[in-house]
Amino acid sequence: MKTTGSTELYAVLGNPVRHSMSPVLQNAWIQAHGFKALYVALPVEPDNFEVALQGLAASDVCGLNITTPFKERAAAAALRQSDRVKLVGAANCLTLDRAGRGYDANNTDGDGLVADLDARASDWRERAGQIVVLGAGGAARSILAALSAHSQKPIHVINRDQDRAQQIANQLNPEQIQVGTWQELPQHLADASLVINATSQGLNNQSPFSPDFSPTQPDAVIYDTIYSPRMTAYLESAKASKRRYFDGLGMLAGQGALAFQHWFGALPDIRAGLKTLEEAFAG
Ligand code: NDP
């Protein structure tokens, strides 16, 4: 597509951000839909984040993805917060409000994971058995909110910081969401049908961990939100127990697709997005 004076600009902001796969993903969808737009990665120094947001809004940058470490500050700086952002306290998707000269905040991380599950393991909703979510940070809170909105199943959330986990359980549905400790993980895995690692353990091979998944249901889905590396020790353990397993590349495609929908009003093809990401990863 030719870039002209009327090309709309979109970007991902983070620090670091040069490694981001979002430009490859979003530009492929923009091209497939024939929109006159361009998506780039913009690094921002931590001291300058709010100033950068004001400048981007002033220059008509139409939509932004926000990544580490700015998701909480993006939520706080927004003109308006979606209900999900109010719950989670973090935003990964900002949409320009031209009249207000600022951004409206959304959080598509959790719904992106659910969209990926629906695309690649669509039976997850029907399976009996509980859901186990590991972590209670920004990604985990968004995932818990999405799971609670999409499913009545019991959910166990395991986190080092119990207060953090209890807080989101109380906000969402304390009858559905029970908080547990890491020591209790083996008992929670018994009979689980969906287990999601939403901690940063295993990211870039730091603090890898490998639970024994053999007590889970034979057709359980073991999900890692991490995609760097794609095969973590956690997923190796799922493979060893012959369980279905997925890395976080599908969640990246899902959250990106929902952001695209906020900006352009059309839901792009998530499977095509995942294929684009897989090809980009394979290099
Ligand atoms: P946060 O820093 O907000 O949360 C980190 C979480 O990991 C907390 O629950 C923390 O527990 C837990 N944790 C960190 N280190 C340890 C450890 N050594 N032992 C036990 N628990 C630990 O990060 P995010 O929520 O933003 O990100 C979490 C993960 O999700 C990352 O790996 C990130 O890559 C992934 N992610 C993937 C996305 C995708 O599109 N695939 C999108 C967004 C995130 P505590 O609260 O006790 O400190």
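The values are calculated or read from the model by the stated rules, or taken from the named source; none is laboratory data. This is a predicted model, so every value here is computed, not measured. When we count neighbours, we look across all protein chains shown, and the Cβ atoms used for this are built from the backbone with ideal geometry, even at glycine. Surface areas here come from the heavy atoms of the whole protein model, side chains and all, with no ligands, DNA or RNA. Shrake-Rupley method; radii C 1.70, N 1.55, O 1.52, S 1.80 Å.
Structural remarks
- Only one of 14, 5 that is open to solvent by 70 Å² or more (accessible area, probe 1.4 Å) and within 27 Å of residue 101 (Cβ to Cβ): 5
- Scanning the range 120-138 for residues that are open to solvent by less than 30 Å² (accessible area, probe 1.4 Å), small (Gly, Ala, Ser) and either away from the ligand (no atom under 16 Å from the Cβ) or not in a loop (DSSP other than H, G, I, E, B) (or both) gives 129, 138.
- Cβ-Cβ distances below 8 Å connect the following pairs, each with a first residue in the range 225-244 that is over 15 Å from residue 281 (Cβ atoms), a second residue that is assigned to a helix (DSSP H, G or I) and away from the ligand (no atom under 11 Å from the Cβ), and a separation of six or more residues or different chains: 244/238.
- From the options 176, 183, 187, 166, residue that is more than 13 Å from the ligand (Cβ to nearest atom) and open to solvent by 70 Å² or more (accessible area, probe 1.4 Å): 187
- Of residues in the range 146-163 being surrounded by fewer than 14 Cβ atoms within 10 Å (Cβ to Cβ) and assigned to a loop (DSSP other than H, G, I, E, B), the one farthest from the ligand (Cβ to nearest atom): 152
- Here residue 226 fits the description: modelled with pLDDT of 95 or more, near the ligand (Cβ under 10 Å from one of its atoms), part of a loop (DSSP other than H, G, I, E, B) and of a type in the set (A, V, I, L, M, F, W, C).
- Hits in the range 22-61 - residues which are over 21 Å from the mean Cα position of the chain (by Cα) and outside any helix (DSSP H, G or I): 34, 35, 36, 37, 38, 45, 59, 60, 61
- Sole exception among (1) more than 14 Å from the ligand (Cβ to nearest atom); (2) over 22 Å from the mean Cα position of the chain (by Cα) for residue 193, by number: (2)
- Within the range 70-90, the set of residues being of a type outside the set (D, E, K, R), away from the ligand (no atom under 13 Å from the Cβ) and assigned to a helix (DSSP H, G or I) comprises 76, 77, 85, 87.
- Selection from the range 103-117 of residues that are of a type in the set (S, T, N, Q) and either part of a strand (DSSP E or B) or under 8 Å from residue 251 (Cα atoms) (or both): 106
- Screening the candidates 200, 151, 207 for the property of being of a type in the set (Ser, Thr, Tyr) and touching a strand residue (DSSP E or B) at 6+ places or on another chain (Cβ under 9 Å) yields one hit, 151.
- Residues of the range 196-216 that turn out to be assigned to a loop (DSSP other than H, G, I, E, B), surrounded by fewer than 18 Cβ atoms within 10 Å (Cβ to Cβ) and more than 11 Å from the ligand (Cβ to nearest atom), as a count: 4
- For the range 236-283, a tally of residues being away from the ligand (no atom under 13 Å from the Cβ) and either closer than 13 Å to residue 30 by Cα or assigned to a helix (DSSP H, G or I) (or both) returns 23.
- Inclusion of residue 141 among residues that are among the basic types (Lys, Arg) and exposed (fewer than 15 other Cβ atoms within 10 Å of the Cβ) is not warranted.
- Odd one out for residue 79, checked against (1) open to solvent by 50 Å² or more (accessible area, probe 1.4 Å); (2) closer than 29 Å to residue 3 by Cα: (2)
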